Amino acid sequence: MGQALAVAFARQGVAVAGGYYPADPHDPDETRRLVEEAGGECLMLPLDVTFTASVDDLAAAAIKAYGRIDYAVANAGLLRRAP
C-alpha cells in the first residue's frame with residue numbers, strides 16, 4: 001500500500017520521502033525507481049517507528065531535502081515470526 005501511495009503522489013507532482021524497515025524483505029530501491037518513473041523525486045531512508053528519534057530523523061531529512069512536509073502517511077506494518 002505504501003508503494004502505491006508513493007507512486008500516486010509522485011504522479012501528482014509530490015516529492016516523496018519514505019521510510020523502510022531494514023529487516024523487511026521489500027526493496028526500497030524498487031519504490032524509488034517507480035516513483036522516479038512516475039516523474040517524482042524520492043528519498044528513501046531506514047526507519048523504525050518504535051523509536052521516536054528514527055521518525056524525527058526521517059522528518060528532518062524530508063524537510064532538509066524538500067523544504068517542508070505537506071502530507072504524512074502512517075503506513076507501518078507489523079512483522080511477526082510464527083512457528
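Any residue at all in the stretch 59-82 that's assigned to a helix (DSSP H, G or I), surrounded by fewer than 10 Cβ atoms within 10 Å (Cβ to Cβ) and over 14 Å from the mean Cα position of the chain (by Cα)? If you could, list the steps in order and put the result at the bottom.
We begin by selecting, within the stretch 59-82, every residue assigned to a helix (DSSP H, G or I); these are 59-66.
Subset that is surrounded by fewer than 10 Cβ atoms within 10 Å (Cβ to Cβ): none.
No: the stretch 59-82 contains no residue that is assigned to a helix (DSSP H, G or I), surrounded by fewer than 10 Cβ atoms within 10 Å (Cβ to Cβ) and over 14 Å from the mean Cα position of the chain (by Cα).
Out of curiosity, is Val35 within 13 Å of Val73 (Cβ to Cβ), surrounded by 14 or more Cβ atoms within 10 Å (Cβ to Cβ) and in contact with a helix residue (DSSP H, G or I) (Cβ under 9 Å, 6 or more places away or on another chain)? Before the answer, list the steps.
Values: within 13 Å of Val73 (Cβ to Cβ): no; surrounded by 14 or more Cβ atoms within 10 Å (Cβ to Cβ): yes; in contact with a helix residue (DSSP H, G or I) (Cβ under 9 Å, 6 or more places away or on another chain): yes.
No; evaluated as a whole, the condition is false for this residue.
Right, Val55: at pLDDT 90 or above, among the hydrophobic types (A, V, I, L, M, F, W, C) and farther than 14 Å from Gly2 by Cβ or not? Spell out how you get there, then give the answer.
Values: at pLDDT 90 or above: yes; among the hydrophobic types (A, V, I, L, M, F, W, C): yes; farther than 14 Å from Gly2 by Cβ: yes.
When the stated conditions are applied, Val55 passes them.
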- Message: With the requirement that a residue be more than 15 Å from Ala65 (Cβ to Cβ) and part of a helix (DSSP H, G or I), what does the stretch 10-52 give you?
- Response: Arg11, Pro28, Asp29, Glu30, Thr31, Arg33, Leu34, Glu37, Thr52
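The values are calculated or read from the model by the stated rules, or taken from the named source; none is laboratory data. Note that the structure is predicted; figures quoted are calculated from it, not measured. Reconstructed Cβ throughout: ideal geometry from the backbone, glycine too, with neighbour counts over all protein chains shown.
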